[in-house]
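J.: So that we are looking at the same thing, I have put the structure below in structure tokens.
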Amino acid sequence: DWDKKYRDMGLVIVGVHSPEFEFEKKPANVRDAIAQHGIRYPVALDNNLATWLNFHNRYWPAHYLIDRQGRVVYTHFGEGKYNVTENNIRYLLGLKEQGETIQVEGPTFAPGQTPETYLGYDRADSFGGNESVMRDAQGGYRFPATLPAGAWALSGTWQVEREKIVAGGQGAALRLNFKARKVFLVLGTAGGKPVRATLKLNGEAVGNNAGKDATAGVVTVERNTLYELIDQRSPKNGLLEIETDAPGLEAYAFTFG
């Protein structure tokens with residue numbers, strides 16, 4: 001949006017893609033995402049995190065405003081405060097006297113909202129199953145009788161790898177006890193073929209709580225990307241269950257909105 005509004009007024013945007021997962025390092029995947037989102041500005045693929053390290057960065061996303069003399073004059077880390085960043089853009093472009101920016105905020109976070117939750121063993125936390133996780137080998141899992149708030153568990157055959165978990169067969173399921181309005185999950189398919197997964201919320205069909213990528217409570221995973229699974233319209237507690245119809249479903253990390 002900023003690119004469209006201010007490109008002709010002197011704003012130059014350079015995106016730096018700093019991959020978090022291995023599939024994000026593939027140029028073809030990045031090109032597809034750029035095309036999907038209609039991005040016109042250049043995007044650098046920083047697989048070695050050189051720019052990330054040179055800026056001493058620690059956050060996705062991070063915004064740096066640089067003036068005409070090459071000085072970093074404003075930074076913002078994480079989501080939100082888009083109106084503040086835009087006001088600073090307008091100031092640097094000499095537009096401060098030409099009206100105020102639209103007062104639009106970014107995503108809001110509910111008190112007690114579940115934090116970002118990784119599933120691969122490198123950064124996994126909040127595993128609530130009774131079994132010991134088998135690393136880089138298929139193992140059988142069963143849902144526990146109860147699942148603490150913020151915890152996740154597995155059922156069926158899964159292989160837990162460094163940055164993801166991979167379903168080993170039809171009917172493999174993942175359960176999460178969360179609090180949020182929206183639930184997102186980075187998903188992929190190991191074999192390159194589409195995999196379908198059915199969602200339940202609190203033991204029932206998701207109905208009107210389905211996210212935009214899970215029409216009628218079913219998500220079709222055709223490529224590695226972030227999928228919106230649940231949209232409850234307001235922040236609530238919920239028990240989400242995801243069951244795959246075939247082996248090869250990959251799951252990386254939950255995020256929330």
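The values are calculated or read from the model by the stated rules, or taken from the named source; none is laboratory data. From a predicted model like this one, the values you see are computed outputs, not experimental measurements. Note that we place each Cβ from the backbone using ideal geometry, even for glycine, and neighbour counts take in every protein chain shown. Surface areas here come from the heavy atoms of the whole protein model, side chains and all, with no ligands, DNA or RNA. Shrake-Rupley method; radii C 1.70, N 1.55, O 1.52, S 1.80 Å.
J.: The conditions are (1) free of Cβ contacts under 8 Å to residues at least 24 places away in the same chain; (2) open to solvent by 20 Å² or more (accessible area, probe 1.4 Å), and residue 133 fails exactly one of them. Which is it?
T.: (1) is the only condition that residue 133 fails.
J.: How many residues are surrounded by 12 or more Cβ atoms within 10 Å (Cβ to Cβ) and part of a helix (DSSP H, G or I) if we restrict to the range 53-65?
T.: Going through the range 53-65 one residue at a time, the tally reaches 0.
J.: Of all the residues that make up the range 237-257, how many are part of a strand (DSSP E or B) and under 22 Å from residue 144 (Cα atoms)? Full working, then the answer.
T.: Just the residues of the range 237-257 that are part of a strand (DSSP E or B), to begin with: 237-244, 249-256.
With the extra rule that they be under 22 Å from residue 144 (Cα atoms), the set shrinks to 237-244, 249-254.
Residues flagged as part of a strand (DSSP E or B) and under 22 Å from residue 144 (Cα atoms) within the range 237-257 amount to 14.
J.: Still on this model: Look through the range 190-207, keep the residues that are of a type outside the set (Val, Ile, Thr) and outside any strand (DSSP E or B), and return whichever of them is farthest from residue 168 (Cα to Cα). Please lay out each step first, then the result.
T.: Residues of the range 190-207 that are of a type outside the set (Val, Ile, Thr), as a first pass: 190-194, 196-197, 199-205, 207.
The next check asks that each one be outside any strand (DSSP E or B); those that pass are 190-194, 202-203, 207.
Details: 190: 10, 191: 12, 192: 15, 193: 15, 194: 15, 202: 24, 203: 23, 207: 28 Å.
Restricting to residues being of a type outside the set (Val, Ile, Thr) and outside any strand (DSSP E or B), the top hit is 207.
J.: In the range 150-190, how many residues are among the aliphatic types (A, V, I, L, M), open to solvent by 30 Å² or more (accessible area, probe 1.4 Å) and at pLDDT 95 or above?
T.: Taking the range 150-190 first, the residues among the aliphatic types (A, V, I, L, M) are 151, 153-154, 160, 165-167, 172-174, 176, 180, 183, 185-187, 190.
Now drop any that are not open to solvent by 30 Å² or more (accessible area, probe 1.4 Å), which leaves 190.
After this cut, where a residue has to be at pLDDT 95 or above as well, the list is none.
The qualifying residues number 0.
J.: Would you check which residues across the range 4-26 are in a helix (DSSP H, G or I) and under 30 Å from residue 164 (Cα atoms) and list them? Reasoning before the result, please.
T.: Step one: list which residues in the range 4-26 are in a helix (DSSP H, G or I), which gives 4-9, 22-25.
If the condition is that a residue be in a helix (DSSP H, G or I) and under 30 Å from residue 164 (Cα atoms), then 22, 23, 24, 25 are the ones that fit.
Okay, residues lined up against (1) more than 18 Å from residue 1 (Cα to Cα); (2) open to solvent by 40 Å² or more (accessible area, probe 1.4 Å); (3) touching a helix residue (DSSP H, G or I) at 6+ places or on another chain (Cβ under 9 Å):
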| site | (1), (2), (3) |
| --- | --- |
| 37 | no, yes, no |
| 44 | yes, yes, yes |
| 51 | yes, yes, no |
| 67 | yes, no, yes |
| 80 | no, no, no |
| 85 | no, no, yes |
| 89 | no, no, yes |
